[in-house]
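The values are calculated or read from the model by the stated rules, or taken from the named source; none is laboratory data. Keep in mind that this is a model prediction, so the values were computed, not measured. Note that each Cβ is placed from the backbone with ideal geometry, even for glycine, and that neighbours are counted across all protein chains shown.
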Amino acid sequence: MNRGAWFIASTVFLVLASLLLLLVGDVLGAGLIIGWLLIAFVVTWWFTRGYIKLNAAHNRTVSLLLERLRGHATRLVQERDWYEQSDRELAAYLRQARKHDGRLALAWVWVPYGALLLIIISLAPDFILNIETITSANLAINLRFAALLFTFTQVQFLALALPDVALMAAMWAQTKPLRQAQPAEPAAVPPADADVDVPDVPLVEATNLTYRYAPETEAVFAGLSAQITPDAQILLSGASGSGKSTFAQVLSGLRSPQSGLVLLRNYDLPTLGARGWRKRVVLVPQFYNNRLFDAPLAFNLLMGRRPPYSDADLQAAETVCRELGLGALIDRMPRGLHQRIGAGGWQLSHGERNRIYIARALLQNADLTIFDESLAGLDPHLLHTVYTTLRARTNALMVISHEVAS
């Protein structure tokens, strides 16, 4: 930001310097300053465009590498020769970085020293045409000389500020989705708690969805269309890498498709807003993407409700937990629902954690609840108990599984 202020101040000072030269009759010097300032703006635009591309490539490369480091099996299955693709991405990024370094060197060298060359050219007529008056106290020449040297120093500041100007432009471009997230007329947007029930339409309607993890990869799915009714009970099964989890993330608003449309009772996500959409469509991701906070059990269960929690909220949480077979756990805890769990508290088994994730989703009373591999690893008796609770406590239900259960 400091160098951005330098850029603006230097531009103002250069305009003032050109005006000073015009006052003393030096049209050539003023024209050279304004012309070089325009050239500096063109260089800034050229440099900024390159930096925005470099910044986008950096973010894309880091994001892809981090996801691969997490060992996401679905992504690795989906992408053919993913390690070769990583090498190509890194090589492309390095090429862009080298181009950026070259632009930076040119900007820092040619912008200020080109201006110095113009200063010498603009002063040359006085030394060539008026050689006999060089030693006289000519106020106009002195003012011109001072103005042009001042121009040289300001152009140096201008060149030094170029990277920060490009950075601000890249940040502005990168935050464009955030700035456009809210619609132009908030009054037309249904509140998150508003009833958006529209009779005789599907609860969720997906039309011609296409999704890719990155522009250069194959589509996870293309032309996918589906309808979910308000009381649907869906089992979505398939092999690893077939796009089940990605489809669920698109339905829940966590990912945006490259093409196609998802409507919730005839409203799209920008209209309802992220909060309104996720209040109505709740996704329980796979176990390794879920978290328990180092906080009371009640807090971890009721995160989808607005605190402070009422007695009715606490009673609902306990009822759901007992229906999911967590009654014995609550009874063992000295403080019940107020017992601290997580890294610094009561230690839970894998199955207990999984059922807390399920209970947390059920307590949000969503229109559509999606469980991604949430029933995996449960023994037959517990599976029956949990599934019975899911059917009783959800409106529309989608269960994602690698295995088709009877």
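Might you check whether a residue that is within 30 Å of A40 (Cβ to Cβ), in a helix (DSSP H, G or I), in contact with a helix residue (DSSP H, G or I) (Cβ under 8 Å, 6 or more places away or on another chain) and at pLDDT below 70 occurs anywhere in the stretch 172-189?
Yes, the stretch 172-189 contains a residue that is within 30 Å of A40 (Cβ to Cβ), in a helix (DSSP H, G or I), in contact with a helix residue (DSSP H, G or I) (Cβ under 8 Å, 6 or more places away or on another chain) and at pLDDT below 70.
If I ask for residues that are in contact with a helix residue (DSSP H, G or I) (Cβ under 8 Å, 6 or more places away or on another chain), among the β-branched types (V, I, T) and not in a strand (DSSP E or B), which ones from the stretch 201-222 would you list? First the steps, then the outcome.
At the first step, the residues of the stretch 201-222 found to be in contact with a helix residue (DSSP H, G or I) (Cβ under 8 Å, 6 or more places away or on another chain) are 204, 206, 209, 211, 213-214, 216-218, 220-221.
Now drop any that are not among the β-branched types (V, I, T), which leaves 204, 217, 220.
Once the filter is applied, which keeps residues that are in contact with a helix residue (DSSP H, G or I) (Cβ under 8 Å, 6 or more places away or on another chain), among the β-branched types (V, I, T) and not in a strand (DSSP E or B), the stretch 201-222 yields T217, V220.
Condition (residue is touching a Gly at 6+ places or on another chain (Cβ under 8 Å) and farther than 20 Å from D372 by Cα) applied to the stretch 304-319: is it met by at least one residue? First the steps, then the outcome.
Step one: of the stretch 304-319, the residues touching a Gly at 6+ places or on another chain (Cβ under 8 Å) are 318.
From what's left, farther than 20 Å from D372 by Cα: 318.
There is at least one residue in the stretch 304-319 that is touching a Gly at 6+ places or on another chain (Cβ under 8 Å) and farther than 20 Å from D372 by Cα.
Output the residues belonging to the stretch 289-314 that are closer than 25 Å to T385 by Cβ and either loosely packed, with under 12 Cβ neighbours inside 10 Å or outside the structural domain of N365 (by TED's automatic domain parsing) (or both). Please lay out each step first, then the result.
Filtering the stretch 289-314 for residues closer than 25 Å to T385 by Cβ gives 289-292, 296-305, 312-314.
Hits for the stretch 289-314 are R291, A312.
So is S225 in the same structural domain as S374 (by TED's automatic domain parsing), part of a loop (DSSP other than H, G, I, E, B) and under 22 Å from D372 (Cβ atoms) or not?
When the stated conditions are applied, S225 does not pass them.
Quick one: in the stretch 271-290, of everything that is in a loop (DSSP other than H, G, I, E, B) and under 21 Å from the mean Cα position of the chain (by Cα), which residue is modelled with the highest pLDDT?
The qualifying residue modelled with the highest pLDDT is P285.
Need pairs with beta-carbon distance below 8 Å; first residue within 16 Å of T207 (Cβ to Cβ) and within the stretch 259-274, second of a type in the set (F, W, Y); sequence gap 6+ or separate chains.
Short answer, once both residue conditions are applied: L264/W277; L269/W277.
Would it be correct to say that A366 is aliphatic (A, V, I, L, M), surrounded by fewer than 15 Cβ atoms within 10 Å (Cβ to Cβ) and either out of contact with any Leu (no Cβ under 8 Å at 6 or more places or on another chain) or touching a residue at least 60 places away in the same chain (Cβ under 8 Å) (or both)? Talk me through it step by step, then tell me what you get.
On the way: aliphatic (A, V, I, L, M): yes; surrounded by fewer than 15 Cβ atoms within 10 Å (Cβ to Cβ): no; either out of contact with any Leu (no Cβ under 8 Å at 6 or more places or on another chain) or touching a residue at least 60 places away in the same chain (Cβ under 8 Å) (or both): yes.
Considered against the rule, which asks whether it is aliphatic (A, V, I, L, M), surrounded by fewer than 15 Cβ atoms within 10 Å (Cβ to Cβ) and either out of contact with any Leu (no Cβ under 8 Å at 6 or more places or on another chain) or touching a residue at least 60 places away in the same chain (Cβ under 8 Å) (or both), A366 comes out as no.
Just one of the numbered conditions (1) at pLDDT 95 or above; (2) under 33 Å from the mean Cα position of the chain (by Cα); (3) more than 21 Å from W277 (Cα to Cα) is not true of C321; which one?
Here C321 clears every test but (2).
Restricting the search to the stretch 366-390, which residues are touching a strand residue (DSSP E or B) at 6+ places or on another chain (Cβ under 9 Å) and not in a helix (DSSP H, G or I)?
A366, D367, L368, T369, I370, F371, D372, E373, S374, L375, A376
Determine which single condition A9 fails, assuming it passes every other condition in (1) part of a helix (DSSP H, G or I); (2) at pLDDT 70 or above; (3) surrounded by fewer than 16 Cβ atoms within 10 Å (Cβ to Cβ).
For A9, the failing item is (2).
Being part of a loop (DSSP other than H, G, I, E, B), modelled with pLDDT of 90 or more and out of contact with any Lys or Arg (no Cβ under 7 Å at 6 or more places or on another chain) is the requirement here; does N354 meet it?
Against the criterion (part of a loop (DSSP other than H, G, I, E, B), modelled with pLDDT of 90 or more and out of contact with any Lys or Arg (no Cβ under 7 Å at 6 or more places or on another chain)), N354 does not qualify.
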